[in-house]
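No value in this document is a laboratory result; all are computed from the given coordinates. Since this is a predicted model, take the numbers as computed values, not measurements. Note that we place each Cβ from the backbone using ideal geometry, even for glycine, and neighbour counts take in every protein chain shown.
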Amino acid sequence: MLQHAKAAFVAGGSEGSQGTTDSYSCNMESSQSKRSASFSEQTSQPLSEKDMEELQSTLPPDKKLKAGREYIWNRKSKRKAEYWKYYLEYVENGKLRAECKFCPKTFAVGGNLNGSKNVKNHAESCLGNPINIEKEKGKEKQTKLYFDQEHESSELKCGSRIINLNDVREALIHMIIVDELPFKHVEKPGFRHFVQVACPQFHIPSRVTIARDCLKLYYSEKEKLREMFKTCQRISVTTDTWTSIQRINYMCLTAHFIDNDWKLNKKIINFCPISSHKGEAIGKAVEACLEYWGIDDKLFTVTVDNASSNDVACAHLSRMVRRTGCINDGKNLHVRCIAHIINLIVWDGIREHGVCIDRVRNAVKYVKNSPARILRFKDLVQKANIDSKSSLSFDVPTRWNSTYIMLETALKFRRVFSGLSLPDGEDLNDNERPPEPEDWEKVERLVLFLGGFYLLTKRISGSHYVTANKGLGEIASMYDMLNNWEQSEDLNFQAMAIAMKKKFDKYWGDVDKMNKFIYVALLLDPHSKMVIVELTLTDMHGPEKGTKLANDVKEFAYSLFEEYRKMYATSNIPDCGDNMSMDIDNSKGVGSDYVRKLKERAKRLKGTSGYAISELDRYLNDQLGPEEEEQDALTWWGKNGQRYVILNRMARDILAIPLSTVASESAFSTGGRTLDPFRSSLTPKMVQALLCTQDWLRAKEVPIVDVEENLKELEEIEKEVQRGESNDVDDEVVFVDSLV
């Protein structure tokens, strides 16, 4: 019955339909009244090579006939509906299907089993079809009058503008994704009332349509990012794992790279379920994601925290890059998160002050656990004339920086705490008693001590500016702080510095334990170069060892540069002979053979290490001009990279390395808001679509807005409103605060 199934393509001929207005249409006719005709009755014959070319010519330039698909061309088909010319018919598993010529959509169209409604609707809505694109350009647009109020004037200026309802719908989808709103937001009465007033002609989509549009936008933005990856050189990634409220393990993978315009890019490329937190599972998941995006051969480094499972994952990825191609044989693939190491170092130190920290924490908890105590606390703050907009905050036991913020804030209100009746008694443990003056003195010094580490962590945790060139300097700065505190007269702080120094030496005391790219990144900072590298290492390890380490770094930089030269010299270094003024081919005079040989020698010379290394030497010896002193590293390389053809490629890869996993960890904060108790039914696919699209749409200049209201600001607004209304009418609202 299906003789045509033996051939890759099955065909017939059609006559008399060459005059169609659509250049992409194929000559097929159909009749819905005959759709009950069985497929076995249709006759076909193998396509000739000419017919195959003709069938291909009916498709858009960017679409090809799929190999192995059994296309048919029905000679006796009587399909007459206009929309059938936008489809190709083929057989799959003995059943007839139709494939859209302008997108990957396919539909079942066999006999009585399937109607043609879906085929017709898609033909009228497919945005890949040029006919529909032209229709959309003039659709739902209307010129509207508007009145614009002039600045500091009551006069209205009349104007006109075109309102495109498609743009309004796209803006609505943008708002839903970027502001992390639930799909049901569009069905809330308040939102519907707002749209009715602002744009009455806009038809609000249902939550199902909104969800569908969000997915469409995700796929559209994903294709744009895929094209961007094709032009980038290499990519460094950060990854971390998280367990959602649904008890599903998620892995976030974030790509970091510098584009051709020397702009640092940070893109979340994966937020997907993972089978477990084990290293092998993480490594395979990262590999699968990189292969899906087509960037497995561009992986440069992987930044992770110090969990042992991440060591296994990085070992798996090292084997992968050795197969696909890598720099330095993948030996420097693994980058340890500096912020995580700082976290471990600081916690080893503040354990020495556990009692005073616990006492302050319990005092803060006592105040915040009762509305009446909060009111009493505010009253005491006002009486004490303490001018601070800060409010008491809890800390997260595993995040020392939150403990620092809690202590810093509480310290501002130390006089207020003494006026409260904090719980005290013999039945309480020592760390549960109220803070004493000695405790506040320790907290004051502890805040001073931790302040430097807090600022250091913030500096190296950025994801929208280069941090790789700051790594070695920040590590040296921490080493200097610990050395100073080791000389402290306070024995408690001296012990704390010694404990932290011990943990510091575990991770950074041995230079071989650090990723060498961190040293080279500082060398590639035009404000530092080799001089700062040598001074830093000398301060940390002494003159003799520091000088030796500096020489090792320089030697590694030259070997790395040589590897880049071998990869890029042929295609990127300008031909030395191009600068010769004499035209060798046309010169017939004496000495032309000698000049030609001279040129050939020059071409061979540029492939030797002696020629290539001079570029790195030139960079190290060049001095910055006065106007360049204020430029950051990326700006400088963007303006001067053409002077260092090979070195600028090396700098583009190394400067893009992130020193912390904050970029991936921050996605879990968004994930927690996206998967709150009211939206816990979202599928993992939808969660990934929302989080990734939000990251891609959000401009890096726009800060992430804290969704929690500022209590101080709200109180000021209430007072202003009360003052304004009291001049006109009596207060109709009784505030409970005034009765306490």
Inset, instruction - With a ≥ b ≥ c taken as the square roots of the eigenvalues of the C-alpha gyration tensor of the range 331-458, please select rounded if a/c is under 1.5 and otherwise prolate if a/b is larger than b/c or oblate if it is not? - result: prolate
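Which entries in the list Lys66/Lys263; Lys216/Lys267; Lys284/Lys331; Lys105/Lys284 go over 29 Å, if you measure between the two C-alpha atoms of each? Display every interim value, and only then the final one.
Values: Lys66/Lys263 38 Å; Lys216/Lys267 18 Å; Lys284/Lys331 19 Å; Lys105/Lys284 31 Å.
In this structure, Lys66/Lys263; Lys105/Lys284 exceed 29 Å between Cα atoms.
Would you mind ranking Leu59, Leu524 so that the residue whose beta carbon has the fewest other beta carbons within 10 Å leads the list? Working shown, then result.
Working: Leu59 15, Leu524 26.
With the fewest neighbours first, Leu59, Leu524 line up as Leu59, Leu524.
Once the Cβ-Cβ distance between Asn429 and Val312 is put in as r, and R0 is 41 Å, what FRET efficiency do you end up with, to the nearest 0.05?
On the way: r = 41 Å, r/R0 = 1.00.
E(calc), rounded to 0.05, equals 0.50.
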Inset, instruction - State which entries of Lys266/Lys545; Lys224/Lys566; Lys184/Lys378; Lys224/Lys685 exceed 28 angstrom in Cα-Cα distance in the structure shown. - result: Lys266/Lys545; Lys224/Lys566; Lys184/Lys378
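Does the range 202-308 come out rounded, prolate or oblate by the C-alpha gyration tensor, with a ≥ b ≥ c the root eigenvalues, rounded set by a/c under 1.5 and, if not, prolate when a/b is larger than b/c and oblate if not? Working shown, then result.
Working: a/c = 2.37, a/b = 1.18, b/c = 2.00.
Judged from the Cα gyration tensor, the range 202-308 comes out oblate (a/c at least 1.5, b/c at or above a/b).
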Legend entry - Part-to-part distance (alpha-carbon centres) for the range 245-282 and the range 469-534, which is given in Å: 29
Legend entry - HN-Hα J in Hz across the range 464-479 - Karplus 6.51, -1.76, 1.60, θ = phi - 60°, x for Gly and Pro: 10, 9, 5, 10, 4, 6, 9, x, 5, x, 5, 5, 5, 5, 5, 4
Legend entry - FRET efficiency estimate (nearest 0.05) - Cβ-Cβ, Leu344 to Arg415, R0 41 angstrom: 0.75
Inset, instruction - Work out the FRET efficiency for Asn369 and Leu181 from their Cβ-Cβ distance, taking R0 = 45 Å, and round it to the nearest 0.05. - result: 0.90
Inset, instruction - Could you list Tyr86, Tyr519, Tyr479 in order of exposure, starting from the residue whose Cβ has the fewest other Cβ atoms within 10 Å? - result: Tyr479, Tyr519, Tyr86
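With the cut-off at 1.5 for a/c, could you classify the range 214-254 from its C-alpha gyration tensor as rounded, prolate or oblate?
Values: a/c = 6.28, a/b = 1.45, b/c = 4.33.
Oblate, since a/c reaches 1.5 and b/c is not below a/b.
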Inset, instruction - Could you line up Lys184, Lys224 from fewest to most neighbouring Cβ atoms inside 10 Å? - result: Lys224, Lys184
